[in-house]
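In what follows, a structure is listed as structure tokens, so that the remarks can point back to it.
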Amino acid sequence: KIASREFIPENTVFPLDGFMIGGDEVVMIAGPCAVESRSQLLECAQAVKEAGAHALRGGAFKPRSSPYSFQGMGEEGLEILAEAREVTGLPVFTEVIAPEQVPLVAKYADVLQIGARNMQNFALLHAAGECDKPVLLKRGPSALIEELLMAAEYILSHGNRRVILCERGVRTFETSTRNTTDINAIPVLKNLTHLPVILDPSHSTGHADLVAPVARAGIAAGADGLIIEVHPNPRQALSDGGQSLTPEKFAILVRQAKGIAREV
Ligand code: PEP
Ligand code: MN
């Protein structure tokens, strides 16, 4: 299999506007769960840049559990993300939820995110495999590590070799957190595959107070990066406010992250 270390022993490392993913540096991707308005996104983008983020995240198409929840700003959100990239220079990670939307999202985004709920949307994986932008593939909430790797294989086998894997917590019996961070998945994946592996402690914990300690654990376990939800005013967020850091808290985490030893 293309994803396996047996097939390709050396780590996959590739550049993204001014930094390398999969290399020596832990990459920090930060921004709101969803693009809510031009002012919210531009304020957030500037704040995470000043705090030391390498890249900006923000959803324009949101795969919400309820059809009555805010579904994202759609193409207008993509335009705002592109404007934020112009202003800050940060590359943009944003989610694509349908195969026919891949060309549209790829026009605006630097990295296409495939969310946990779509990990086994094979038509979407196929379309992402034919696109010329890197893909961030998130592990499904109940997916085996082997299933995540096979999902990555759908993208790789259609020609796109720039895939980043993301552990974002799995569903367990525990209710005190939104998901359970499978910290094991990080070294397991690093052993099995040459692809970069990042951690999303925002969705894996669901609580802003837990994000920094779990993020630090992820780096120590060997993660190549972190994707963190940051909102200028978490209480007013239209989605995932309870797990979003303020820019100030994010800046503290960036400083802490630099001090953590990571085996690579
Ligand atoms: C997100 O990144 O906002 C998101 C919806 O994440 P996940 O797909 O991991 O639930
Ligand atoms: Mn979210």
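FYI, it's all coordinate maths here, none of it is from the lab. Quick caveat: nothing in here was measured; it's all calculated off a predicted structure. Cβ coordinates were reconstructed from backbone atoms using ideal geometry, including for glycine residues, and neighbour counts include every protein chain displayed.
Summary table below
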read-out: Residue check for Thr205: farther than 22 Å from Ile114 by Cβ and either surrounded by fewer than 18 Cβ atoms within 10 Å (Cβ to Cβ) or of a type outside the set (A, V, I, L, M) (or both); value: no
read-out: Condition check for Val214: within 16 Å of ligand 2 (Cβ to nearest atom) and in a helix (DSSP H, G or I); value: yes
read-out: Residues of the stretch 73-90 classified as over 18 Å from the mean Cα position of the chain (by Cα), surrounded by 18 or more Cβ atoms within 10 Å (Cβ to Cβ) and in a helix (DSSP H, G or I), total; value: 2
read-out: Selection status of Glu83, in contact (Cβ under 8 Å) with a residue 40 or more places away in the chain, within 16 Å of ligand 1 (Cβ to nearest atom) and more than 15 Å from Ala251 (Cβ to Cβ); value: no
read-out: Residues of the stretch 216-239 that turn out to be in contact with a helix residue (DSSP H, G or I) (Cβ under 7 Å, 6 or more places away or on another chain) and touching a residue at least 60 places away in the same chain (Cβ under 8 Å), as a count; value: 8
read-out: Qualifying positions in the stretch 26-50 - surrounded by fewer than 21 Cβ atoms within 10 Å (Cβ to Cβ), over 20 Å from Val211 (Cα atoms) and not hydroxyl-bearing (Ser, Thr, Tyr); value: Arg38, Gln40, Leu42, Glu43, Gln46
read-out: Conditions (1) within 17 Å of the chain's Cα centre (by Cα); (2) within 16 Å of ligand 1 (Cβ to nearest atom); number of the one not met by Arg216; value: (2)
read-out: Cβ-Cβ under 9 Å pairs, at least 6 apart or on other chains, the stretch 23-39 side under 13 Å from Asp200 (Cβ atoms), far side surrounded by fewer than 15 Cβ atoms within 10 Å (Cβ to Cβ); value: Val27/Phe19
read-out: Elements of type strands (runs of 3 or more DSSP E) contained in the stretch 11-66, each with 3 or more residues being closer than 18 Å to Ala109 by Cβ and either within 16 Å of ligand 1 (Cβ to nearest atom) or polar (S, T, N, Q) (or both); value: 27-31, 55-57
